[in-house]
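Notes follow once the structure below has been shown.
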Amino acid sequence: MPANMKAMIAETFFSMARGKSMDKITVTDLVERCKISRQTFYYHFKDIMDVLEWAMEETVGRTLERSLKVGSDQEAMEIFVSMMLENRDFIRHLLHSQHREQIERIIVDGVRSYLWKAYQLRSPRHTISHTDLELMLDFGAYGLSGLMLQVGQQEQVDEKRLADQLCRLLTGRLFTALPGKA
């Protein structure tokens, strides 16, 4: 058996989901393709959506790791934007399923988790009330998710410019920019 069964199941799911509608993928299809038992699948996941949630958490973790290794918030945002745009075709494909609402929630939760972890690691000394922090995280998660889903529909995106704008927005510098300087 592979060392990381969860990763193997998730990779197989994504391979299958690229070729057909997520609505048509069953646990039976997945275990047959993985050459594992249903018991093995259910040991690791409760259902297909659980596979998707786990994979999103893993992607958020890897993106955060990469983001923390760079020297600036700008570079970190470039990594985030790049990750979202690299996956836009697949995300679009998933959103055309009957699970759209769940998938949107998974995306928002993933972005919120990314923002929370980035805040904890990059701003450990900042003090903010719990309610303000929750509002900030929700606003950022819904705003970034919605914007990235909308931007993901565009064929041409200036990733560096978008990352710069998002970084200035999230740090409050967008509102203090002089006209014509953005």
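The values are calculated or read from the model by the stated rules, or taken from the named source; none is laboratory data. Since this is a predicted model, take the numbers as computed values, not measurements. Cβ sites come from the backbone with ideal geometry, for glycine too, and all protein chains shown count toward neighbours. All accessible areas refer to the heavy atoms of the entire protein, side chains included, with ligands and DNA or RNA removed. Shrake-Rupley method; radii C 1.70, N 1.55, O 1.52, S 1.80 Å.
Based on a Kirkwood Rh over C-alpha pairs, give the Stokes-Einstein translational diffusion coefficient of segment 77-140 at 25 °C and viscosity 0.890 mPa s in µm²/s. Once the numbers are plugged in, D ends up at 184 µm²/s. Contact order, relative form, for the chain: 23 percent (alpha carbon pairs under 8 Å, 6 or more residues apart, mean separation divided by residue count). Debye-formula intensities of segment 24-86, expressed as log10 I(q)/I(0) at q = 0.24 Å⁻¹, are -0.91 (one equal scatterer per alpha-carbon, no solvent). Highest mobility in the GNM of the chain, judged by mean-square fluctuation with C-alpha springs under 10 Å and restricted to HIS93, HIS130, HIS44, is found for HIS130. Over all pairs of different C-alpha atoms, the chain has a mean inverse distance whose reciprocal, the Kirkwood radius, equals 18.0 Å.
Taking all protein chains into account, the per residue accessible area for segment 1-65 stands at 57 Å² (1.4 Å probe).
Given segment 102-168, report the % of alpha carbon pairs whose separation exceeds 17 Å.
On the way: 1103 of 2211 pairs.
Tail of P(r) above 17 Å: 50 percent of Cα pairs.
Using a probe radius of 1.4 angstrom, the carbon and sulfur fraction of the accessible surface of the chain is 52%. Farthest toward the positive end of the dipole of segment 1-129, out of SER67, VAL111, MET77, is the Cα of SER67, where the dipole comes from beta carbon charges about the Cα centre.
For the residues TYR114, TYR142, TYR119, a 1.4 Å probe over the protein chains yields an accessible-area ranking, largest first, of TYR142, TYR119, TYR114. In the context of the full set of protein chains, residues of segment 89-143 present 66 Å² of accessible surface per residue (probe radius 1.4 Å, heavy atoms only).
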